[in-house]
Structures are given as structure tokens and as C-alpha cells.
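Everything on this sheet refers to the single structure shown next.
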Amino acid sequence: MTRSPALSCPGCERTLGALSWMDANHCRCNFCHEYFDFFPFPALVATREIARPQAVAVANDSTCFFHAENQAEKVCEECGRFLCPVCAVPFAGRVQCPTCIAAPKTAVEQVVTSRTLPGGTALAFVFVPMLIWPVTLLTAPIALGVAITGWKKPQSVVKPGRTKLIVAGVFATLQICGWAFLGVALLMKK
């Protein structure tokens, strides 16, 4: 039995044009005549089935999407096109047509059902701490930061607009200015 895999002999390191096989795993190099064991991957030595399409016999038979003269035997599991044996490619455990295999696959985007909007967060940092006013010394800069970073984010389809961000930014700036004025006033008293 003679097969010609693309590999080199371990003895002479030449590319083996043809191996002489003694049995399933033992072979001999045809150049240096050295015997060695060879355990090929199954795909390397597998005999490939040649797809032979059948011509359309009856005018009402379904035909291949790509070859109108061939009778369809399978359906593409991706797009649903009728395929002849030449075009029906087993790919990733499914039968697909060449077009579907070649098409780039995009990641399926998950639908966002809810999202925290930065405008509401910024408003919460501005107005909730006003109940305990000394806390605004910390939360006003945070609210201003959220309003600024939220401005750069894409707007939501659910609640478009940046009104809340503007209101939160203005009130946060007023609170910061109020704390600065209070600090300057206390320093002036001393």
C-alpha cells in the first residue's frame, strides 16, 4: 500500500514522496529504506467521499440554489437554501452552504432590558444628600463627575436627552461653590 502524506523521514529528513507501508502503523522510507512507526491523524489517511450530484429528472424536483442542473438533496441549516451534494458542506456539526460558511459571523447582541442612566445617578448624588447637608461636601464632586462622564456615554433609547445631566451638573457646581464660599468666609472670620 502506498500513501503520500506531507512529512519528512526521521532518518534522512527528506520529504517523503511515498511511504511503503508494512501494516497499519509501520512503514519504510523509499529513499533511505529506514523502517519507522507512523501514527497518522485519521484525517490524514482517511478516504474522502466524492460528492456526485444527480441531474434533475423531473421538472418539479427541487434544484440546488447554486447549480440549477443538480437535484437538491439537503437544506442549508443556516439560510434554508436547497443544496446538491457538492454544495452541502458539513461545517461545525451542521450542513451549510458555501455562502453561509464564508459570511462573517457577528456576535449575537443581548437585548438590554434595563439600564441605570447617569442622569438619575447624578441627580441622586445632588439632591438626596441635601437632607443631611454636610454630606454634600463629598457627594457634590461625585455628582459633578458622574454628570461629566455621563455626558460622554451614548444616550438611551428609552429616555433620550441630557436634561438630568445638565440639572445635576448645575446643582453640583452650585453646591461646590457654596462649600468654597463657606470655606473662604470661615477663613476670613479668623
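Mind checking the full-extension length gain between ARG52 and THR149? Use 0.36 nm per residue of separation minus the Cα-Cα distance, one decimal, nm.
Extra length available between ARG52 and THR149 comes to 28.7 nm.
Can you give the FRET efficiency for VAL135 and CYS177, using 1/(1 + (r/R0)^6), R0 = 22 Å, r = Cβ-Cβ distance, to the nearest 0.05? Write down the numbers at each step before the final one.
Numbers: r = 17 Å, r/R0 = 0.77.
About 0.85, to the nearest 0.05.
What spacing in nm lies between the two simple spin-label points modelled at ASN30 and GLU77, each 7 Å away from Cα in the Cβ direction?
According to this spin-label approximation, the distance is 4.0 nm.
Which semi-axis lengths, in whole Å and largest first, follow from the square roots of five times the eigenvalues of the Cα gyration tensor of region 49-103? Intermediate results must be reported in sequence, preceding the final value.
Details: eigenvalues 76, 28, 14 Å².
Ellipsoid half-lengths, sorted descending, are 19, 12, 8 Å.
Can you pull the one-decimal nm distance between simple spin-label points at ARG94 and SER62, each 7 Å off the Cα toward Cβ?
Here the answer is 1.7 nm between the modelled labels.
Please give the net charge around ALA147, taking every other residue with its beta carbon less than 15 angstrom from that of ALA147, where Lys and Arg add +1 and Asp and Glu add -1.
On the way: positive: LYS152, LYS153, ARG162, LYS164; negative: none.
Spelling it out: positives minus negatives among the neighbours equals +4.
Just so you know, all these numbers are worked out from the coordinates, no wet-lab data involved. Predicted, not measured: the structure shown is a model, and the values here were computed from it. We place every Cβ from the backbone using ideal geometry, glycine too, and count neighbours over all the protein chains shown.
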